[in-house]
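We did not get these values from a lab; they are worked out from the coordinates using the rules stated. Because the structure is predicted, anything quoted here is derived from the model rather than measured.
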């Protein structure tokens, strides 16, 4: 699979085809801002694709925790959300960051 740079203006490649539409939306909202601020480099793009995908899952599970039909289903979504957040924190630690890092602050500002 070949990816081309989206534009020289953003310096961000198009997201990988395997990403869900929700994860791609996060990529497009947060990526250009993080690249422009020098926080996200091309070397990190694959990591960022996986991070956006995981973040999207966590958001879906968070919604499921409040909208699922039964208490049992809601409990499953709560557990998935907690495990998903742990995975996000592990991913952050792999690049020397945490939930209070400058990366996460900028990321959260961009996806809001």
Problem - Share of pairwise Cα separations in the chain, more than 25 Å, in percent - result: 25 percent
Completion exercise
Measuring from the longest principal axis of the C-alpha atoms of the chain, the long axis of helix 21-36 (C-alpha) lies at a number of degrees, nearest 10, equal to 40 degrees
Fill in the blank from the handout: Helix 71-94: inclination vs the chain longest Cα principal axis, degrees, rounded to 10, gives 30 degrees
Practice task
Report, to the nearest 10°, how far helix 102-111 tilts away from the longest principal axis of the Cα atoms in the chain, using its own Cα long axis and a range of 0 to 90°.
Solution key: 80 degrees
Handout entry: Kirkwood hydrodynamic radius (C-alpha pairs) into Stokes-Einstein, segment 45-111, 37 °C and 0.692 mPa s, D in µm²/s
Key = 260 µm²/s
